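The values are calculated or read from the model by the stated rules, or taken from the named source; none is laboratory data. Note that the structure is predicted; figures quoted are calculated from it, not measured. Cβ placement follows ideal geometry from the backbone for every residue including glycine, while neighbour counts extend to all protein chains displayed. Surface accessibility is based on the protein's heavy atoms, side chains included, excluding ligands, DNA and RNA. Shrake-Rupley method; radii C 1.70, N 1.55, O 1.52, S 1.80 Å.
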Amino acid sequence: SLVYFVLIMKKVQTGQVIEFYSNSCQVKTNFGEFSCIAIKNVVVGDFVKFEIIQDSKHLQGKIIKIQDRISKLSKRDGSKDKLFAANITHVGIINTPKPKTSTEFIDKWILKSILSKIEPFIINNKIDIDTEEEYTDKLNIYKDIDIPIINISAKYGDNIEELTNYLKNKCVLFVGNSGAGKSTLSSRIIGRELKTNTLSNNQGTHTTSISSLYETEDNTKIIDSPGMRDVELASYKSEEIIKGFKEILQSSKNCKFNDCNHINNDGCNIITNLANGEISESRYNNFIKFRNKQ
Ligand code: GDP
Ligand code: ZN
């Protein structure tokens, strides 16, 4: 049957990279999954064209082309930015009362998402835990700037349906501090435990999987990438930072001077909006902090 299968298959196939190892990857197509030899810069989430190579034992692919990406995300690897995933449409920023998520963490991920052409939203997890009023105040800051917020309990399952509905036909990366519930949430949505970082390849040995893409029955894709650390601001230009703060960017258009420093210049509209409460203090403080690279 394999012979017949090979005969009806075109030599060049297209698919999406769902597992990535150091020099090979797993590609999902309408005909099933193929182990492929990767080419430079291929990452999980990439749509690729590959050629089928047939050796005596098994079918293998050789990637020949990476299709245009709608987005790409990188993470810090030493002193360089290294691409780790492509075609993510949404970043779900997990906010929790315990461990307490800082506005800095949220604002960094909103910034990184926007600069990476990805839509950020907030997953407010652990709603089963009682919270203080300041917790609601923090969430209101994001409600005011139209960031979608979905309240859930990953552990007990509250409101998971609202989240899975929201995620239909999207490709999402969940980000959160350690202990925020990233693995609990991913397992609940995928319906099983996530694979560990080691997987057998077809020689039976263990290889480290750098990143994986999981697909649910709702056509939701979830990117899992171990070692996704803090957002590194060093790679962003000072003048790019304001794009992650759209209410501040909007307000800056009415500053008296084009080169306004938005701190103590005459006629700064941002300072006016800060004083009248239209711009939140924490958003403003993070904007200045990020712009100064801390
Ligand atoms: P990760 O480090 O982000 O992957 O977090 P985990 O998924 O390992 O969760 C960390 C801890 O938080 C575990 O003890 C979970 O049981 C707990 N946790 C996750 N979601 C919830 C929730 O909705 N409510 C409560 N009370 N605890 C949760
Ligand atoms: Zn200004």
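Things to note:
- Proportion of all alpha-carbon pairs of segment 49-126 beyond 15 Å (%): 69 percent
- Among 180, 234, 275, the largest mean-square fluctuation in a Gaussian network model of the chain (Cα springs under 10 Å) belongs to 275.
- Here the Gaussian network model covers the chain, with springs between Cα atoms less than 10 Å apart; of 222, 106, 39, 39 fluctuates the most.
- On a per residue basis, the chain carries 54 Å² of accessible surface, using protein heavy atoms and a 1.4 Å probe.
- The alpha carbons of segment 1-144 stretch over 66, 36, 25 Å along the principal axes, in descending order.
- Charged-residue dipole, Cβ positions (Lys, Arg, Asp, Glu), the chain about Cα centre, Debye nearest 20: 1260 debye
- Dipole magnitude of segment 17-172 about its Cα centre (Cβ charges: Lys, Arg +1; Asp, Glu -1), debye to nearest 20: 960 debye
- log₁₀ of I(q)/I(0) at q = 0.13 Å⁻¹ - segment 213-294, Debye sum with one point per alpha carbon: -0.54
- Only one residue of 34, 172, 187 has its Cα farthest out toward the positive end of the dipole of the chain, where Lys and Arg carry +1 and Asp and Glu -1 on Cβ, and that residue is 34.
- Debye-sum result for segment 122-196 in log10 I(q)/I(0), which assumes one identical scatterer on each alpha carbon, at q = 0.13, 0.15, 0.28 Å⁻¹: -0.41, -0.55, -1.55
- Selected from 116, 79, 238 as most flexible by GNM, with the chain as the system and alpha-carbon contacts under 10 Å: 79
- Whole-percent carbon and sulfur share, accessible surface of the chain, 1.4 Å: 47 percent
- Cα centroid separation, segment 84-112 to segment 208-272 (Å): 11 Å
- Using θ = phi - 60° in the Karplus curve 6.51 cos²θ - 1.76 cosθ + 1.60, the 3J(HN,Hα) couplings for segment 270-276 round to 5, 5, 4, 5, 5, 5, 8 Hz; x is entered for Gly and Pro.
- No Cys partner within the rule (Cβ under 4.7 Å), the chain: 25, 36, 171, 268
- Note on residue 182: lysines with a C-alpha under 19 Å away, same-chain residues under 8 apart excluded, are 75, 98, 100, 108, 112, 126, 155, 168, 170, 195, 221.
- Beta bridges by DSSP in the chain, antiparallel share as percent, to the nearest 5: 65 percent
- Antiparallel bridge percentage (DSSP; both residues within segment 57-208; nearest 5): 40 percent
- Solution diffusion estimate, µm²/s, Stokes-Einstein, segment 95-136, Kirkwood Rh from C-alpha pairs, 25 °C, viscosity 0.890 mPa s: 216 µm²/s
- Scaled against the 2.2 N^0.38 Å expected of a compact globular protein of N residues, the Cα radius of gyration of the chain reads 1.16.
- Selection from 63, 44, 74, by position along the positive dipole direction of segment 33-76 (Cβ): 74
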